[in-house]
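Following: one structure in structure tokens, then a few remarks.
The values are calculated or read from the model by the stated rules, or taken from the named source; none is laboratory data. None of the values given here were measured: they were computed from a predicted structure. Virtual Cβ from ideal backbone geometry, glycine too; neighbours counted across all protein chains shown.
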């Protein structure tokens, strides 16, 4: 009986030592153990505009959520519930307003991502034009001081022109 | 009595844990185990201020160097008389904190094991000790001076309580009394208050009526220790009542829906919440599905043989389940209750886990064969299938968990499979001896079926794996560096003012303000150069002073507040602010006559040090409107001594320290009553012929402590000689 208990202790300490050693190696960066990788939630909820035609426009990371009054913010992964509650997902305040005006998220044309974080701006195409929207900080997901968060700005007719426009800093 | 192997086993476990908690110290150069925010900005600087005063044989009552004078005694973070403060007398701050964390971890595992071993087998004791130690709240706060002794003190005191039968009564009383005194002086008042029900209820729940006398002695020790340390505790309540912290809580509103609050029990919210969750709330609510399910099944198995386990079951429910559930409810639904809304109620879990984990330990120890009622078996089967089926449709059922780490999936599957093994083992018909399920000396069944051996091994492996997210998150093991950004480790240089060259440009005995969030700490760490800071970052920083500064638009509120534009040079001068530290040049200041006297760079950031054209000092005379700044003063413990020039006019003498009713003033040895000026500073009237002024903050004297201590000793003596207890002795 005592022997069995000692064997149990030994096996347990072996398991524990294995975990400690693995954590040490992982912490050192010499061996990257993917099992110990954990996602990190980021970003902040930002009131982009309140009370636009009975909707609140709330920014989170790169998206603007148009939320009808009386409904709370819903986790962005719960797409079905968001649709049920009449929440629209847009890439800028202006796009969110276009959705609210149209009463649907399915408007045409819609902002379509062309390039992410070019010198602090995300580039979107909208019809035949390119629009720049300030990108969020890549690590924290919070707005940067580069410009009015979630505000779209016409930047050119194509991506190259838009990039020149951003570089010129106009 | 523990066998030699068991002692070595516990020693090895404690040693590996203590090495693990300071892992990066071994991996990275100049890396130490301390937090650059709470530790470096608060504990280190306040302990330095306290040590300086103690070395001059004065009670450390006020840190003159912080926020126009911040109370030291009764500050929720400093604890200059704590047991863990001793290391700071001998070692540099960053090393003292590193040593403290390692030593406290080592001792916590030892005492936790000794305590749990009274109820569990050695194997179950070890895994349970790890679960309690690495429980998110306790492990996160092991980093902090004012919390790090909480679990250790609880375990030591409960262990001593449980030894009432083998200890001589004098020793029993004395050990408990000392234990409680150490607790009151070393641990923040909130965890102390939360721990008190455990200290009171543990013995009666464990030993019932047999422990009546031991319980009486325990209560006497608790009360007399509370009396001995009462001045220390009372001053905290006085300080906190008027503090900024009494008006708001950083702990509410983070998980706002019931769904989020429930999900946070299974996967740390910092991994799946829609927005970034800061600080300990990114993990603190995490229990893991394994812990919760195994604890529930453990309770079921105990309940099945309730007659044999009635005391243990009662103890787990009263000291484990009820506090855990209450802490959860109060944390999320107690926002309307005064006091409760200002505190983090989940801190009760640091202690309730010690008891809740016994249910898990009992599950590992018990013979699963015939251990469950048929209804429980159905429940286990349904849970197992439910968990396994749910795990495969997780993105649909719980979209929030659609991107959780693979390790959590392993824990979920491991839990489900373990439940199936428990179910099969409980149905198997083996003939082995029933285990002795009593409070003491449980050794498990003599024989274990292969299935249950595998199942128990699996449970232990799953529980160990479930600790990994916490260890990795809390210690920042994914960062692969010792950089700022994790509260467990930092480079030694971050423990002090950086860039250091800036300090040499300022004259000691004058005041600065840094234009930055107080968490950056320049204001607080300026004490190392003998410079006084202005910004507020303390639990006990005054609400009244904050309101005055806000009214005059002098500060920006940000945990707590810092001085910021628009600059009002005249007011800054009257507050004795001679230097301003900025991260960028300011034409606004330059227009008002401020001069840049130093520009330094640190980690790619430029710092500009500006000097006030008035060269404002801590003391000024007011005769008419214009202040005359005096330079002939000396900072003394808890006060300031001023040599006045020959005066041929009367007026007011203002010292730029925030007025509190404990400030006293003496002019040429004669006491006068100080008052508060419009900016909240202390002032007294001055007449021609006055020569010296002493302002001293005096709330407590050594006599107060001595009186309390003597009262406490008197209670001990009365108890010791009490006829009933003498009979027992």
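Taking the range B:562-587 as the region of interest, how many residues are in contact (Cβ under 8 Å) with a residue 60 or more places away in the chain and either more than 19 Å from residue B:631 (Cβ to Cβ) or surrounded by fewer than 20 Cβ atoms within 10 Å (Cβ to Cβ) (or both)?
Residues meeting the conditions: 5.
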Per the filter on the range B:477-505, residues within 14 Å of chain A (Cβ to nearest Cβ) and buried (at least 19 other Cβ atoms within 10 Å of the Cβ) are B:477, B:482, B:486, B:488, B:489
Restricting the range B:263-285 to residues that are part of a loop (DSSP other than H, G, I, E, B) and under 21 Å from the mean Cα position of the chain (by Cα), the one nearest to the other protein chains (Cβ to nearest Cβ) turns out to be B:277
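Quick check on this structure: which one of B:645, B:613 is in a loop (DSSP other than H, G, I, E, B) and without any contact (Cβ under 8 Å) to a residue 40 or more places away in the chain?
Details: B:613 fails: without any contact (Cβ under 8 Å) to a residue 40 or more places away in the chain.
Only one candidate qualifies: B:645.
Residues that are assigned to a helix (DSSP H, G or I) and either more than 22 Å from residue B:576 (Cβ to Cβ) or touching a helix residue (DSSP H, G or I) at 6+ places or on another chain (Cβ under 8 Å) (or both): does the range B:547-565 have at least one?
Step one: list which residues in the range B:547-565 are assigned to a helix (DSSP H, G or I), which gives B:547-551.
Next, only the ones that are either more than 22 Å from residue B:576 (Cβ to Cβ) or touching a helix residue (DSSP H, G or I) at 6+ places or on another chain (Cβ under 8 Å) (or both) stay: none.
Among the residues of the range B:547-565, not one is assigned to a helix (DSSP H, G or I) and either more than 22 Å from residue B:576 (Cβ to Cβ) or touching a helix residue (DSSP H, G or I) at 6+ places or on another chain (Cβ under 8 Å) (or both), which makes the answer no.
Where in the range B:113-199 are there helices (runs of 4 or more DSSP H), lying fully within it, with 3 or more residues that are more than 21 Å from residue B:302 (Cβ to Cβ) and touching a residue at least 40 places away in the same chain (Cβ under 8 Å)?
Details: elements: B:122-133, B:136-141, B:150-162, B:169-186.
Per the criteria, B:136-141, B:150-162, B:169-186.
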Has the range B:231-245 got any residue that is within 14 Å of chain A (Cβ to nearest Cβ), more than 25 Å from residue B:148 (Cβ to Cβ), surrounded by fewer than 19 Cβ atoms within 10 Å (Cβ to Cβ) and touching a helix residue (DSSP H, G or I) at 6+ places or on another chain (Cβ under 9 Å)?
no
(1) more than 27 Å from residue B:455 (Cβ to Cβ); (2) assigned to a helix (DSSP H, G or I) all hold for residue B:338 apart from (2)
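Run down A:3, A:40 and say which single residue is at pLDDT below 90, under 30 Å from residue B:459 (Cβ atoms) and in contact with a helix residue (DSSP H, G or I) (Cβ under 8 Å, 6 or more places away or on another chain).
On the way: A:3 fails: in contact with a helix residue (DSSP H, G or I) (Cβ under 8 Å, 6 or more places away or on another chain).
That would be A:40, the only listed residue that is at pLDDT below 90, under 30 Å from residue B:459 (Cβ atoms) and in contact with a helix residue (DSSP H, G or I) (Cβ under 8 Å, 6 or more places away or on another chain).
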Of all helices (runs of 4 or more DSSP H) fully inside the range B:1-70, the set with 3 or more residues that are over 30 Å from residue B:115 (Cα atoms) and under 22 Å from the mean Cα position of the chain (by Cα) is B:45-54
Practice prompt. Would you check if residue B:454 is more than 29 Å from residue B:33 (Cβ to Cβ) and modelled with pLDDT under 90?
Written response: yes
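So that you can scan it fast, the table gives a plain yes or no per residue for (1) touching a residue at least 24 places away in the same chain (Cβ under 8 Å); (2) in contact with a helix residue (DSSP H, G or I) (Cβ under 9 Å, 6 or more places away or on another chain):
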site	(1), (2)
B:597	yes, no
B:607	yes, yes
B:621	yes, no
B:631	no, no
B:637	yes, yes
Apart from one, (1) touching a residue at least 40 places away in the same chain (Cβ under 8 Å); (2) closer than 19 Å to residue B:91 by Cα; (3) within 11 Å of chain A (Cβ to nearest Cβ) all hold for residue B:47; the odd one out is (3)
Quick check, is residue B:651 touching a strand residue (DSSP E or B) at 6+ places or on another chain (Cβ under 9 Å), exposed (fewer than 15 other Cβ atoms within 10 Å of the Cβ) and free of Cβ contacts under 8 Å to residues at least 40 places away in the same chain? no
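Determine whether residue B:63 is modelled with pLDDT under 95, in contact with a helix residue (DSSP H, G or I) (Cβ under 7 Å, 6 or more places away or on another chain) and buried (at least 23 other Cβ atoms within 10 Å of the Cβ). Reasoning before the result, please.
On the way: modelled with pLDDT under 95: yes; in contact with a helix residue (DSSP H, G or I) (Cβ under 7 Å, 6 or more places away or on another chain): yes; buried (at least 23 other Cβ atoms within 10 Å of the Cβ): yes.
Yes.
When you look at residue A:126, is it surrounded by 15 or more Cβ atoms within 10 Å (Cβ to Cβ) and under 22 Å from the mean Cα position of the chain (by Cα), yes or no? If you could, list the steps in order and put the result at the bottom.
Working: surrounded by 15 or more Cβ atoms within 10 Å (Cβ to Cβ): yes; under 22 Å from the mean Cα position of the chain (by Cα): yes.
It is true that residue A:126 is surrounded by 15 or more Cβ atoms within 10 Å (Cβ to Cβ) and under 22 Å from the mean Cα position of the chain (by Cα).
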Only unsatisfied item for residue A:115, checking (1) without any contact (Cβ under 8 Å) to a residue 24 or more places away in the chain; (2) surrounded by 14 or more Cβ atoms within 10 Å (Cβ to Cβ), is (1)
For residue A:14, indicate whether it is out of contact with any helix residue (DSSP H, G or I) (no Cβ under 9 Å at 6 or more places or on another chain) and under 30 Å from residue A:91 (Cα atoms). no
For the range B:395-413, the count of residues that are within 38 Å of the chain's Cα centre (by Cα), free of Cβ contacts under 8 Å to residues at least 12 places away in the same chain and not in a loop (DSSP other than H, G, I, E, B) equals 4
